[in-house]
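Q: Below is a structure I'd like to ask you about.
The values are calculated or read from the model by the stated rules, or taken from the named source; none is laboratory data. Just so it is clear, the model here is predicted, and its values are computed rather than measured. Because the Cβ atoms are built from the backbone with ideal geometry, glycine has one as well, and the counts that use them run over all protein chains shown. Heads up: the accessible areas ignore ligands, DNA and RNA and are worked out on the full protein's heavy atoms, side chains in. Shrake-Rupley method; radii C 1.70, N 1.55, O 1.52, S 1.80 Å.
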Amino acid sequence: MPAIKVNGEVRVLDIEEDTPLLWVLRDTLGLVGTKFGCGVSACGACTVHVNGEPVRSCSTTIGDVAGKEIATIESLATDKLHPVQQAWIDHEVPQCGYCQSGMIMATTALLAENPDPTDADIDAAITNICRCGTYSRIRTAIHAAAKNMREG
Amino acid sequence: MAISRRKFLLTTAVAGSALAVGYVVLKPEEDTRLVFQKTARGGEVALNAWIKIDASGTVTVAAPRAEMGQGIYTALAMLVAEELDVDWKSVQVQDAPVHQVYANREMLRAALPFEDGYHQGENTSGAQFMGWLAELLSAQGTGGSTSIRDAWEPMRNAGACARHMLVQAAASKWNVPASECLAADGTVSHNGSGKSLSYGDLATLAASLTPPENPPLKNAADYKLIGKAVPRLDITDKTTGRATFGVDVKSDGMLYAAVNVAPVMGGSLKSYDREAIVKMPGVVAVAALPTGIAVVADSWWRAKKAADAAPVDFEDGGNGDLDSEGIYQLLEDSIKSGDPFTYRDDGDADKVFENAGDDVVASYQVPYLAHACMEPMNCTARVDGDNIQIWMPNQAPFLMRYLASRIADTDVENVQVFTTYLGGGFGRRAEGDLAEQAVRIAMAVPGKTVKLLWSREDDMRHDMYRPAARSLFRARLDDKGRPFAWFNRIAGQVPTKSFTQRIFDFATVDMPDNTSSEGSADMPYAIPNLQVQHVPVDLPVPVGFWRSVGHSYNAFFTESFMDELAHKAGQDPYKYRRDLLEGHPDYLAVLDKVASAAEWDLPMNSGRGRGIALHESFGSLVAQVAEVSVMPDDTIQLDRVVCVVDCGRVINPDTVVAQIEGAIVYGLTAALYGEVTLKDGAVEQGNFPDYEMIRLNNMPNIEVILAPSGRPIGGIGEVGTPPIAPALANAIFNATGKRVRELPLSKAGLVG
Ligand code: FES
Ligand code: FES
């Protein structure tokens with residue numbers, strides 16, 4: 001029985017090892033903030049962190065992440081919102097909002113690695129799809145969040 | 001005009017009356033306040049069908065329109081809160097139940113013929129008829145960029161009525177004249193005594209009073225919310241993962257369903273091995289559908305695996321040979337020999353073209369497109385005896401209610417529809433296929449809640465597509481180079497007919513329909529001899545409403561061809577259009593503004609180009625200038641888009657800008673990559689790798705300028721989409737001399 005650590009909590013699962021992490025998070029653990037968009041690693045809606053790295057959970061099996069630490073959008077805000085979330089609100093990024101959990105998780109992972117990304121860094125790191133076309137605001141919000149985080 | 005208004009209204013009335021079967025006819029005496037009161041929780045009191053107030057003063061606004069990213073929950077609440085005079089922080093929104101009080105009258109009115117005075121802001125008899133029909137059908141839908149136009153009067157009115165009743169309640173409590181009482185920020189206070197009571201304290205008494213007939217509404221100069229940058233109500237939940245979309249609906253003991261349906265258009269279920277499927281891990285039930293099977297399991301992943309592995313056979317419905325080549329050929333043949341409807345016939349274009357001349361002739365073509373909403377299609381349903389509950393991200397709850405009742409053979413009154421947030425809609429979520437499937441599946445596991453979820457492949461292969469279309473133009477210029485005669489014949493499937501047939505299979509008659517010729521027949525340019533026709537084509541590919549519908553292709557066709565004429569006349573494309581807009585000062589203003597904002601007259605380096613397009617849709621005027629660069633490998637890069645919008649009054653400016661940005665990306669994605677093709681009767685694309693999207697790395701710079709004039713309020717959700725393809729194509733011509741007459745650009749090797 002695979003055991004994983006999700007948002008700080010150890011979960012032992014009675015489930016086939018080839019089940020994608022996405023469906024375990026959503027349907028078994030009820031963490032529905034992580035979204036299903038394509039199931040084939042092409043859109044990024046399902047992005048979570050595995051040991052701090054951004055990972056597309058639709059294409060990662062539960063067997064792949066046994067014993068690893070997983071963080072989802074639900075873990076981001078503690079007593080207050082994460083600076084990336086705050087930037088998203090300040091710039092009114094979301095439209096339908098469906099892609100935004102994935103966008104935000106991809107962004108927090110990027111900023112943890114690279115506190116001052118250039119536009120090219122952003123283009124290379126954030127390849128998620130937003131069908132509502134919120135890209136300009138995403139870029140603006142990433143720069144704003146990065147600045148706020150650098151300046152503490 | 002080839003179509004008389006009477007004939008049009010008659011056909012609409014027949015179709016409408018057919019749709020009315022199964023509906024409760026208007027009950028004039030009904031207290032519509034109770035409709036919203038029935039949804040009350042925790043001591044909430046409804047003051048009318050739109051407003052509930054609880055003891056703490058929290059105001060809940062009924063939102064009968066779908067929130068699919070366009071910010072409509074916020075905008076509707078702003079209309080109410082403005083007149084109610086309540087603190088914005090105490091306002092929240094709840095999806096409205098299905099009822100005729102929430103019918104979208106404007107959605108039906110938009111279908112009136114182009115020449116009906118309604119489109120110029122008059123209250124015509126046709127408009128009144130459509131309003132009546134909307135109520136009869138309880139046409140509670142979100143589409144045609146109509147939400148604000150429809151809600152502008154009734155929702156401000158609801159706020160003003162409630163405010164009046166709250167003031168009356170305070171006056172009667174204090175035994176003072178109402179004229180001495182003042183309502184502001186959720187509190188009524190008395191001038192002389194300094195007494196005050198909150199709306200929460202007054203709600204119960206206020207609800208028992210008779211609403212005023214025509215409460216005075218504020219002057220625009222006094223608006224505190226309308227037109228101001230009001231923070232959207234849904235943004236925080238959409239950054240924390242807490243917003244509930246259809247896929248997120250949860251219920252104890254919920255089951256999950258996945259489908260395996262005939263890949264061929266119009267295909268059906270032949271046989272399947274139920275015994276083999278129920279033995280698969282987690283499987284609880286198998287439901288037969290007309291087009292295939294659904295597997296119900298204890299998790300979606302297990303349901304999906306079982307559905308994929310299920311032994312199942314299909315009939316191809318005789319469409320196994322259908323392919324894109326044949327479809328494009330049929331469109332071409334239909335232009336030549338089809339039987340068209342004429343949507344505009346000014347002067348006598350036929351006669352002009354009888355004599356041979358130096359005509360400009362061109363044909364354009366666009367492919368089928370998928371909606372590809374980010375949230376894959378889904379619907380959760382529970383059938384318990386006669387009672388049906390549906391939780392669904394949908395754009396037409398009245399239709400879902402009707403279809404569910406028909407599948408389960410029960411009364412519409414027994415069906416409850418709950419509308420969640422929509423992870424994109426774009427017209428796809430006005431379709432009832434998911435609701436029908438979900439109810440069929442739920443009937444196989446009575447008393448259980450089942451969440452039906454399609455995979456991305458299911459969605460892309462079983463969409464109701466934006467029609468493929470072809471357009472032929474012929475124009476003759478006068479001695480000044482102006483178009484003296486213009487003939488345009490479009491051919492393609494008609495979304496309204498396809499949509500109606502999915503609800504009533506007997507609706508097979510071709511009727512005149514704006515959605516196929518909009519953006520072409522109603523163009524503003526002064527051309528003395530002007531004929532626009534559309535040939536309806538029948539094909540087994542289901543087509544539907546796709547963000548901006550007919551405008552999405554007619555804008556590309558007409559605004560590209562207009563550019564061809566400017567080139568033929570040897571004139572600047574901006575000034576050429578300008579000269580044809582006499583009598584249209586509002587169009588001119590938008591065009592001039594975009595030209596100056598984009599610095600149209602500044603020369604560009606070689607290898608770069610600029611294109612312009614102007615287009616009216618859904619009551620709003622939009623002009624765009626696109627700037628492109630030719631890359632060393634001869635592909636095109638879109639650098640910048642400048643966009644000017646006149647949508648009449650703006651409710652929430654930032655939301656309007658966001659919608660335009662998004663609509664440009666939507667249109668651009670289609671122009672660059674969008675193409676759904678068929679082979680052996682089935683759609684070839686399945687997922688994003690083969691149906692590519694704009695992403696951050698190829699996102700152009702977009703500048704949106706709002707230039708609201710005194711026009712009547714126009715739509716916003718769709719209007720940014722139509723002009724981008726022609727602006728881009730015209731820029732490519734400017735940069736390369738190559739005229740793009742077919743989309744997507746990737747087909748011509750123009751996309752890197
Ligand atoms: S759902 Fe995982 S990348 Fe799209
Ligand atoms: S906000 Fe709708 S998909 Fe990104």
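Q: Ordered by residue, what ³J(HN,Hα) values in Hz, to whole numbers, does segment B:314-322 give under the Karplus form 6.51 cos²θ - 1.76 cosθ + 1.60, where θ = phi - 60° and Gly and Pro are x?
A: 10, 8, 9, x, x, 10, x, 9, 4
Q: Can you tell me, using C-alpha contacts under 8 Å and at least 6 residues apart, the relative contact order of chain A as a whole percent?
A: Computed over chain A, the figure is 24 percent.
Q: Provide the buried accessible surface between chains B and A in square angstrom, both chains summed, 1.4 Å probe, rounded to the nearest 100. Spell out each step's value before the answer.
A: Values: alone 29400 and 7840 Å², together 32900 Å².
Buried surface at the B/A interface: approximately 4300 Å².
Q: If amide H atoms are built 1.01 Å from N in the plane of the peptide, which residues on other chains or at least 5 residues away come under 5 Å of the amide H of B:Ala469?
A: When sequence neighbours closer than 5 places are left aside, the close amide H contacts are B:Val366.
Q: Averaging the inverse of every distinct alpha carbon separation and then flipping it gives the Kirkwood radius. What is it for segment B:357-413, in angstrom units?
A: Values: mean 1/r = 0.0663 Å⁻¹.
Mean inverse Cα-Cα distance, inverted, gives 15.1 Å.
Q: When Cβ neighbours within 10 Å are restricted to other protein chains, what is their mean count per residue of peptide B:686-693? Don't jump to the answer; show the numbers that get you there.
A: Working: counts 2, 7, 9, 5, 1, 1, 2, 7.
That works out to 4 on average.
Q: Let me ask something additional. Consider a paramagnetic label point 7 Å from the Cα of B:Asp510 along Cα→Cβ; state which residues of segment B:338-382 have an amide N under 12 Å from it.
A: B:338-342
Q: For the pairs B:Lys250/B:Lys679; B:Lys250/B:Lys305; B:Lys336/B:Lys679, note any where the Cα-Cα span goes beyond 29 Å.
A: Working: B:Lys250/B:Lys679 39 Å; B:Lys250/B:Lys305 21 Å; B:Lys336/B:Lys679 25 Å.
With Cα atoms farther than 29 Å apart: B:Lys250/B:Lys679.
Q: Hey, another quick one. Considering every residue in A:98-105, what mean count of other chain Cβ atoms within 10 Å of its Cβ is obtained? Walk me through the numbers before you get to the answer.
A: Details: counts 15, 5, 7, 6, 2, 2, 4, 1.
Average neighbour count from other chains, rounded to a whole number: 5.
Q: How do the peptides B:387-397, B:324-334, A:111-121 rank, highest first, by the average count of neighbouring beta carbon atoms within 10 Å per residue?
A: Details: B:387-397: 24.8, B:324-334: 16.4, A:111-121: 13.3.
Highest-to-lowest ranking by the protection proxy: B:387-397, B:324-334, A:111-121.
Q: I would also like to ask the following. Anything in chain B that counts as a DSSP H helix reaching 20 Å or more along its axis (C-alpha) with Kyte-Doolittle mean of at least -1.0? List them, would you?
A: Numbers: long enough: B:5-20 (22 Å, 0.63); B:147-174 (39 Å, -0.31); B:551-568 (25 Å, -0.57); B:653-672 (28 Å, 1.04).
Qualifying helices, which must be both long enough and hydrophobic enough, are B:5-20, B:147-174, B:551-568, B:653-672.
Q: Could you work out the mean count of beta carbons from other protein chains within 10 Å of each residue's beta carbon in B:371-378? If you can, show how the numbers build up before the last one.
A: On the way: counts 1, 5, 5, 17, 9, 7, 0, 1.
That works out to 6 on average.
Q: Long-range amide H contacts for B:Gln533: which residues qualify at under 5 Å (H placed 1.01 Å from N, peptide plane, sequence gap of 5 or more or a different chain)?
A: B:Tyr343, B:Asn488, B:Arg489, B:Ile490
Q: Follow-up. Expressed as a whole number of Å, what is the distance separating the alpha-carbon centroids of segment B:244-281 and segment B:187-235?
A: So the separation of the two Cα centres works out to 49 Å.
Q: Hey, what D do you get for segment B:625-712 in µm²/s if you plug the Kirkwood alpha-carbon radius into Stokes-Einstein at 25 °C and 0.890 mPa s?
A: On the way: Rh = 15.4 Å.
For the chosen part, D equals 159 µm²/s.
Q: Send over the per residue convex hull volume for chain A, Cα only, as a whole number of Å³. Could the numbers behind the result be given before it?
A: Working: hull volume 15.8 nm³, N = 152.
Here the figure is 104 Å³ per residue.
Q: Need one number: the % of Cα-Cα pairs in segment A:3-75 sitting beyond the 21 Å mark.
A: Details: 275 of 2628 pairs.
So the pairs more than 21 Å apart make up 10 percent of the total in segment A:3-75.
Q: For B:Thr342 paired with A:Arg150, estimate the spin-label separation in nm (one decimal), with each label point 7 Å from Cα along the Cα-to-Cβ line.
A: For the pair B:Thr342/A:Arg150, the computed spacing is 6.7 nm.
Q: Determine, from the Cβ-Cβ distance of B:Ala356 and B:Thr244 and an R0 of 41 Å, the FRET efficiency 1/(1 + (r/R0)^6), rounded to the nearest 0.05.
A: Details: r = 65 Å, r/R0 = 1.58.
Computed FRET efficiency for B:Ala356 and B:Thr244: 0.05.
Q: Taking the Cα-to-Cβ direction at B:Asp308 and at B:Trp132 and moving 7 Å from each Cα, how far apart do the two end points lie in nm?
A: With each label point 7 Å from Cα toward Cβ, the separation is 5.5 nm.
Q: What FRET efficiency comes out for B:Ser193 versus B:Lys224 if R0 is 25 angstrom and r is the Cβ-Cβ distance? Round to the nearest 0.05. Spell out each step's value before the answer.
A: Values: r = 26 Å, r/R0 = 1.04.
My answer for the efficiency is 0.45.
Q: Under 5 Å between amide H atoms, partner at least 5 residues away or on a different chain: which partners does B:Val45 have, H built in plane at 1.01 Å?
A: Distant-sequence amide H within range of B:Val45: B:Ile53, B:Asp54.
Q: Throw me the Rg/Rh for chain B, computed over C-alpha atoms with Kirkwood Rh, two decimals.
A: Values: Rg = 26.9 Å, Rh = 27.4 Å.
On the Cα set of chain B, Rg over Rh gives 0.98.
Q: Whole Å is fine, so just give me how far the alpha carbon centre of segment B:59-83 lies from that of segment B:464-531.
A: 34 Å
Q: Here's something else I'd like to know. Using alpha-carbon positions, what is the distance between the centroids of segment B:350-422 and segment B:427-456, in Å?
A: 14 Å
Q: Through the Karplus equation 6.51 cos²θ - 1.76 cosθ + 1.60, θ set to phi - 60°, convert the phi angles of segment B:351-359 into ³J(HN,Hα) values in whole Hz; use x for Gly and Pro.
A: Per residue, the Karplus-derived 3J(HN,Hα) values read 5, 4, 6, 4, 8, 4, x, 8, 8 Hz.
Q: Grab the DSSP H runs of chain B that are 4 residues or longer, score each as -39,500 (n - 2.57), total them, divide by all residues and round the 222 nm result to the nearest 500 deg cm²/dmol.
A: Numbers: 22 runs with 242 residues, N = 752.
It comes out at -9500 deg cm²/dmol, rounded to the nearest 500.
Q: Something else now. I want to verify the translational diffusion coefficient of segment A:83-151 in µm²/s; compute it with Stokes-Einstein, Rh as the Kirkwood radius over Cα pairs, at 25 °C and 0.890 mPa s.
A: Working: Rh = 11.7 Å.
My calculation gives 210 µm²/s for D.
Q: Nearest 0.05, what FRET efficiency do A:Thr140 and A:Ser41 give at R0 = 25 Å with Cβ-Cβ as r?
A: With R0 = 25 Å, the Cβ-Cβ based efficiency is 0.40.
Q: If packing is taken as the average count of other Cβ atoms within 10 Å, what order do B:222-228, B:671-677, B:36-42 fall into, highest mean first?
A: Working: B:222-228: 16.1, B:671-677: 22.1, B:36-42: 14.1.
The densest-packed peptide leads the list: B:671-677, B:222-228, B:36-42.
Q: Compute the projected area of the convex hull of the Cα atoms of the protein assembly as shown, averaged over all viewing directions, and report it in nm² to one decimal place. Don't skip to the end; give the middle numbers.
A: Details: hull surface 152.9 nm².
Approximately 38.2 nm², given one-decimal rounding.
Q: Would you kindly derive the ³J(HN,Hα) couplings of segment B:63-71 from the backbone phi angles with the Karplus curve 6.51 cos²θ - 1.76 cosθ + 1.60 (θ = phi - 60°), listing them in order in whole Hz, with x for Gly and Pro?
A: Residue by residue, segment B:63-71 yields 10, x, 10, 6, 8, 10, x, 7, x Hz.
Q: What ranking, highest mean first, results for peptides B:443-450, B:523-530 when packing means the other Cβ atoms within 10 Å averaged over each residue? The partial results should precede the final answer.
A: Numbers: B:443-450: 17.5, B:523-530: 19.0.
The packing order, highest mean first, is B:523-530, B:443-450.
Q: I would also like to ask the following. How far apart, in nanometres, would the label points at B:Met604 and B:Asp690 be if each is projected 7 angstrom from Cα along the Cα-to-Cβ direction?
A: 3.5 nm
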